[in-house]
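What follows is a set of notes on a single structure, which appears directly below.
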Amino acid sequence: MQILKSLFATALVAVLLVGCGGGSEPLQKTDTGDVPDWYVSPPSDPNYLYAVNTSTSKDMQIAVDKATQAARTELGRQVEVKVNALQKRFTEETGIADDAQLLDQFTQASKTVVSTSLSGSKEKQKKILKDGNNWRAYVLVEYPLGAAQEALREQIKKNEQLYTKFRASQTYKELDDEVQKYEQSKKGE
Amino acid sequence: MYFRGCMKAIVLILTLCAAAVAQEYPRWFLQQDQLPCRPNVVMVMRAPSLYKDSAVALAFRTGCELLAKYTNVRISGGQTFWTTEAGVHSMGAHYTEVFDSSLTDQFQSSLKIIAAFVDKNKTIVLAGDSSACVLNDELQSSVRMETLPQPGWVEKLPVVTGYYYGVGSSEEYFYEVSSWQRAEQNAFMSLARTTHSKVVSLQKKSAIESQDLFNEDVDVQLKNVEIIARWKDLQKKIFYVLARTKQ
């Protein structure tokens, strides 16, 4: 009887030790899976802009929307950097910095392009996982750079004075070449 | 006690059978792009509560309204997110869809019910031009979802010249129909955002905090939206729908 009691006590202690030992499993169960390779190393292409983002939410679609919108916002910032750089080259080459009215018109054209140029930005890749009680979405968004350049060129063409001043410049020729390449690639894809 | 055990076993077996049947779908539902006729529409609705024919008729009428929307619709609205150190918070979303509802009557008179699939959980109806929409044996057959591998488009959008693609996803709801409908609506909205979206962001950063407010507005006209394919991840319980529209 004493032996049985000892055995029982030993077994109970062993069960408690195994059950409450902690181990390497976290308190909250997760199923994050592998982080996608394209999230860690986004693709690189001179004709496209890429942005990645990840977000969580208890509602799956909100997680996807958060991640996608944040990625698109990042695309907008990248486009703004490109357009600002282009603006600087135009002003330096054509000297419109001295003409306040022209400079203002060109700045307006650039701002319009940045706020409306996200036409054709797409969720190139997406992965949805369960992360504890939440959903986690990884998103890669792609945007053709040629579309922003095309939009900027069209904005410039709308203003006759700007167009007259710019079309002879080297910067405009390069912009025009890039846009033509983009239009060709759209036809030939 | 023995009787209770038997009853529990019977209930368990019946539930498992129902679940097994519920994972079967017609191929024309999962591979809608393979259908030989345009326009066509597939509508998923709740299982019939009493009369199967009434459920099919209701699904047909609702499907015609859905097709009217997919033919030509203007979507406008937006959503805003606010990011702080505590995380990203949804500040709300509001969208309106405006389409010509007279097309619904036009489709109701010109389209016919080509096929219907009814089980315990859902009623699925395919409507199209009866003379052109002749389904071959493969399309008419049913397939079990667990036999289908994950399609490539679930994680990577197809690239086809002249088309925008969008993938919508949904978690599992109590009614399976709600999951399919939500995934389809999300695919539709993804197409709208791909076609054109305006993103505005305001970032504030100080010594003690940083915030980011970003807003996305959509105001687009979508025409001839097509649902291409559907798939369900049984393990993660996520429903996926692939849609496309011409650029």
> With a ≥ b ≥ c the root eigenvalues of the C-alpha gyration tensor of chain B, is it rounded (a/c under 1.5), prolate (a/b larger than b/c) or oblate?
Replying inline: oblate
>> Can I get the semi-axes of segment A:45-188's equivalent ellipsoid? Compute them from the C-alpha gyration tensor as square roots of 5 times the eigenvalues, in angstrom, largest first.
In response: 36, 16, 10
> Just counting partner chain Cβ atoms within 10 Å, what average do the residues of peptide A:119-130 show around their Cβ?
Replying inline: 6
> Per residue of B:192-198, how many C-beta atoms from partner chains lie within 10 Å of its own C-beta, taken as a mean?
Replying inline: 6
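How many Cβ atoms of partner chains, on average, are near each residue of B:234-241 if near means within 10 Å of its Cβ? It would help to have the intermediate numbers written out before the result.
Details: counts 0, 2, 7, 1, 5, 1, 2, 0.
The mean count of partner-chain Cβ atoms within 10 Å per residue comes to 2.
Structure shown: which of A:Lys58/B:Lys232; A:Lys124/B:Lys122; A:Lys66/B:Lys236; A:Lys127/B:Lys120; A:Lys130/B:Lys223; B:Lys112/B:Lys236 lie over 27 Å apart, alpha-carbon to alpha-carbon?
Exceeds cut-off: A:Lys124/B:Lys122; A:Lys127/B:Lys120; A:Lys130/B:Lys223; B:Lys112/B:Lys236.
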> Hey, what D do you get for segment B:28-69 in µm²/s if you plug the Kirkwood alpha-carbon radius into Stokes-Einstein at 37 °C and 0.692 mPa s?
Replying inline: 290 µm²/s
>> At q = 0.16, 0.17, 0.18, 0.27 Å⁻¹, what log₁₀ I(q)/I(0) does segment B:59-123 have when each alpha carbon counts as one equal point scatterer in the Debye sum?
In response: -0.71, -0.74, -0.77, -1.08
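Tell me the mean residue ellipticity at 222 nm calculated for the protein assembly as shown from its helices only (DSSP H runs of n ≥ 4, each -39500 (n - 2.57), averaged over every residue, nearest 500).
Estimated from H runs of four or more residues: -14500 deg cm²/dmol.
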>> Taking 8 Å as the Cα distance limit and 6 or more residues as the minimum spacing, I'd like the relative contact order of chain B as a percentage.
In response: 25 percent
> Say the dipole of segment A:45-188 comes from +1 at the beta carbon of Lys and Arg and -1 at that of Asp and Glu; which of A:Tyr163, A:Ala70, A:Gln101 then lies farthest toward its positive end?
Replying inline: A:Ala70
>> Let me make sure I get this right: for the protein assembly as shown, a, b and c are the square roots of the gyration tensor eigenvalues over alpha carbons, sorted descending. Under 1.5 in a/c it's rounded, otherwise prolate if a/b > b/c, else oblate. Which is it?
In response: oblate
> Using modelled amide H (1.01 Å from N, peptide plane; none on Pro or chain starts), what sits under 5 Å from the amide H of A:Tyr48, excluding residues fewer than 5 places away?
Replying inline: A:Leu145
> For segment B:168-194 and segment A:50-91, what is the separation of their C-alpha centers, rounded to whole Å?
Replying inline: 23 Å
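Determine, for each peptide in B:153-165, B:172-184, the mean count of other beta carbons within 10 angstrom over its residues, then list the peptides with the highest first.
B:172-184, B:153-165
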>> Applying a 10 Å radius around every beta-carbon, put B:208-214, B:62-68 in order of their mean neighbour count, most first.
In response: B:62-68, B:208-214
>> Quick check: Cα centre of segment B:103-131 to Cα centre of segment B:138-165, how many Å?
In response: 22 Å
> Using Cα pairs under 8 angstrom and six or more residues apart, how large is the relative contact order of segment A:45-188, in percent?
Replying inline: 33 percent
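Values quoted throughout were computed directly from the atomic coordinates according to the rules given, and no laboratory measurement underlies them. Keep in mind that what you see is a predicted model, and the values were worked out from it rather than measured. Here Cβ is always computed from backbone atoms with ideal geometry, including for glycine, and neighbour counts include all displayed protein chains.
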